[in-house]
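To start, the structure under review is shown below, and the notes come after it.
The values are calculated or read from the model by the stated rules, or taken from the named source; none is laboratory data. Keep in mind that this is a model prediction, so the values were computed, not measured. So basically every Cβ, Gly included, is an ideal-geometry build from the backbone, and we count neighbours across all protein chains shown. Quick note on the areas: whole protein, heavy atoms, side chains included, nothing else; ligands and nucleic acids left out. Shrake-Rupley method; radii C 1.70, N 1.55, O 1.52, S 1.80 Å.
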Amino acid sequence: MTRNWKPATKLVHGGSLRSQFGEMSEAIFLTQGFLYETSAAAEARFKGEDDGFIYARYGSPTNDMFEKRMCMLEGAEDARATASGMAAISSAILCQLKAGDHIVAARALFGSCRYIVETLAPRYGIGCTLIDGRDLANWEKAIQPNTKVMFLESPTNPTLEVIDIAGVAKLANQIGAKLVVDNVFATPLFQKPLELGAHVVVYSATKHIDGQGRCLGGIILSSKDWIDENLHDYFRHTGPAMSPFNAWTLLKGLETLPLRVKQQTENAARVADFLADQKAIAKVIYPGRADHPQADIIAKQMTGGSTLVAFELKGGKEAAFALQDALDVICISNNLGDAKSLITHPATTTHKNLKEDARAELGLTDGTVRLSLGIEDGDDLIADLEQALAKIKA
């Protein structure tokens, strides 16, 4: 019966589990451990012969509801909820690698993601090659006999580049590697990496899934076989588990995800068009515009634009700071995917640890600004940007 539900229905009802009290809102099971009626029952639980819960670090009823609801939305067989988005990414990559293995990753990554593949993994004897992921030929050239994982974001943070997920997945399959995709900027509503051939998809649930600035969270989704073979023991023994309270908060966030993302995306499209006509702006990048460099790939793999816009001010850092400081409705913050519109200057915040040449490779200049659109009235957002731009022109 649930197979034919549309996403909005899945996000309200999917994975629901009710106690004997028949509560309408999902219950929060704030417990560390679980009761066994007999010693034999405890033994069966630890042997895996009984599907019940053992310990909150392994799983809980509230986390289970969140995982199942996300599986329904994503079209995944299984999932594990983590304490943060970076816990999801680090776990998804490291759980399947050992010393001597090799990662190929697109270089356009969030700063902490680059740290995982470029700095942390090599400490454990895992090699890494960073490439310009927009060209499939670069992925093919970077493959080594020991390549086991390919990793990318699409659209990327913060420059909104788009990578051909199906093309990279095909290359991964040819060598028996696994493709891990960070799908945060597209949201699970506008892009389905698993349907495009990716093996693992990860989210910072802190972003659109909560989307209201309340809590951290992450999730890893894949086939049951991949999770059983690679992630299950890693997850149990290293402890990146999500708090049940956060799982409950994220469950409530999922109920309104389509409504929020729809409004955010409409606002983003309007703001992108407005910014493109402003003299102080050198460049606007938005996946919903026809002038996006990878518009052909977007048409193939995305069903909507994004809630984010990237743009470059002609006046560099000075103009970017002046614009941000003059805003009234839009808030300066390094977060994104929030109900409130948020703006950040990546070169001095989220990507400040990248060397200047690395930022230049990404097209990330001192004038680049990342704008995450919220659910406010679009007219108010445009008016706010208009008055702020007028001040930096003076």
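Data for the structure
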| read-out | value |
| --- | --- |
| Pick from the stretch 1-24, criterion within 26 Å of the chain's Cα centre (by Cα) and of a type in the set (Ser, Thr, Tyr), ranking: farthest from Thr256 (Cα to Cα) | Thr2 |
| The stretch 240-288, subset among the basic types (Lys, Arg) and touching a Gly at 6+ places or on another chain (Cβ under 8 Å), residue least open to solvent (accessible area, probe 1.4 Å) | Arg260 |
| Pick from the stretch 304-318, criterion surrounded by 21 or more Cβ atoms within 10 Å (Cβ to Cβ) and in contact with a helix residue (DSSP H, G or I) (Cβ under 8 Å, 6 or more places away or on another chain), ranking: farthest from Leu194 (Cα to Cα) | Leu313 |
| Matching entry among Ser90, Ser112, Ser16, Ser60 (being touching a residue at least 12 places away in the same chain (Cβ under 8 Å), farther than 26 Å from Thr350 by Cα and touching a helix residue (DSSP H, G or I) at 6+ places or on another chain (Cβ under 6 Å)) | Ser60 |
| Per-region count, the stretch 13-60, residues open to solvent by less than 60 Å² (accessible area, probe 1.4 Å) and part of a helix (DSSP H, G or I) | 4 |
| Qualifying residue in the stretch 292-303 (condition: under 30 Å from Met24 (Cα atoms) and surrounded by 23 or more Cβ atoms within 10 Å (Cβ to Cβ)) | no |
| Residue within the stretch 270-282 that is of a type in the set (Asp, Glu), under 19 Å from Glu386 (Cβ atoms) and touching a residue at least 60 places away in the same chain (Cβ under 8 Å) present | no |
| Residue in the stretch 87-105 that is touching a Leu at 6+ places or on another chain (Cβ under 6 Å) and not in a loop (DSSP other than H, G, I, E, B) present | yes |
| Residues of the stretch 370-394 satisfying the condition of being surrounded by 14 or more Cβ atoms within 10 Å (Cβ to Cβ) and either assigned to a loop (DSSP other than H, G, I, E, B) or touching a Pro at 6+ places or on another chain (Cβ under 8 Å) (or both) | Arg370, Leu373, Gly374, Ile375, Glu376 |
| Neighbours by Cβ (under 9 Å, 6+ apart or cross-chain): first from the stretch 330-351, within 21 Å of Leu389 (Cα to Cα); second among the aromatic types (Phe, Trp, Tyr) | His345/Phe321; Thr348/Phe321 |
| Condition met for Ala390 (in contact with an Asp or Glu (Cβ under 8 Å, 6 or more places away or on another chain) and without any contact (Cβ under 8 Å) to a residue 40 or more places away in the chain) | no |
| Candidate set from the stretch 325-368 (those that are of a type in the set (Lys, Arg) and buried (at least 17 other Cβ atoms within 10 Å of the Cβ)); member that is modelled with the highest pLDDT | Lys340 |
| Out of Asp296, Asp357, sole residue that is under 25 Å from Glu266 (Cβ atoms), outside any strand (DSSP E or B) and of a type outside the set (Val, Ile, Thr) | Asp296 |
| Flag if Ser84 is surrounded by 12 or more Cβ atoms within 10 Å (Cβ to Cβ), in contact (Cβ under 8 Å) with a residue 60 or more places away in the chain and under 24 Å from Arg260 (Cβ atoms) | yes |
| For His102: the one exception among (1) modelled with pLDDT under 95; (2) surrounded by fewer than 21 Cβ atoms within 10 Å (Cβ to Cβ) | (1) |
| Residue match in the stretch 181-189 (condition: out of contact with any His (no Cβ under 9 Å at 6 or more places or on another chain), hydroxyl-bearing (Ser, Thr, Tyr) and closer than 19 Å to Gly75 by Cα) | no |
| Hits in the stretch 214-239 (condition: in contact (Cβ under 8 Å) with a residue 40 or more places away in the chain, surrounded by fewer than 24 Cβ atoms within 10 Å (Cβ to Cβ) and in a loop (DSSP other than H, G, I, E, B)) | Leu216, Ser223, Gly239 |
